[in-house]
1. Report the chymotrypsin sites (Phe, Trp or Tyr not before Pro) located in the range 24-66 that are in a DSSP loop and have at most 12 other Cβ atoms inside 10 Å of their Cβ, or state none.
2. Before rounding to the nearest 500, sum -39500 (n - 2.57) across all DSSP H runs of length at least 4 in the chain and divide by the residue total; then give [θ] at 222 nm in deg cm²/dmol.
3. Could you compute the net charge surrounding K73? Neighbours are other residues with a C-beta less than 13 Å from the C-beta of K73; K and R count +1, D and E count -1.
4. Given (i) 13.2, 41; (ii) 25.3, 87; (iii) 13.5, 38 as candidate values of Rg and Dmax of the Cα atoms in Å, which corresponds to the one derived from the coordinates?
5. Need one number: nm distance between label points at V89 and R49, each 7 Å from Cα along Cα→Cβ, rounded to one decimal.
6. At 0.36 nm per residue, and after removing the present C-alpha to C-alpha distance, how many nm does the segment from R81 to I10 gain when stretched out fully?
Amino acid sequence: MSELSREHVIEIVSSMMENYPEAGQGSVMECYAWDYETNTFSFCDTEERANYELTQEKLIATFPLIKSDKWPKGCTPPPKREEVEEWRVWLCHADAQDFDAFVQLCCHGEVIYR
């Protein structure tokens, strides 16, 4: 099993986040500001009325949680192999629910809202 390079992880998390502001409409985690060039996003948890700033480093640090027991059942299962092509296929199958779960992992360290 090969490990993904930092550049590949950046590619994957960037792909996950590139449509979140629009696709996440109606989610509890509301994205109200973003900068795609720097991969930074501002979120408001509309239930808790708390704000979160997600930087590229936070997104990268959270990425391994997708392959942990914190990734909820019902979300698109992550690839079994750590290969960039496997993750690209995963991105084709992932949906707004998966990306919302990832944002919650980044902000809360767990998926609270389903």
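Laboratory data are not the source of any read-out in this text; all were calculated from the coordinates shown. Worth saying up front: this structure is predicted, and the values here are computed from it rather than measured. As a convention, Cβ positions derive from the backbone with ideal geometry for all residues, glycine included, and neighbour counts pool all protein chains shown.
1. Y36
2. Values: 5 runs with 46 residues, N = 114.
That comes out to -11500 deg cm²/dmol.
3. Once positives and negatives cancel, what remains is 0.
4. Among (i) 13.2, 41; (ii) 25.3, 87; (iii) 13.5, 38, the one calculated here is (i).
5. Result for the modelled spin labels: 4.7 nm.
6. Going from the current span to full extension adds 23.8 nm.
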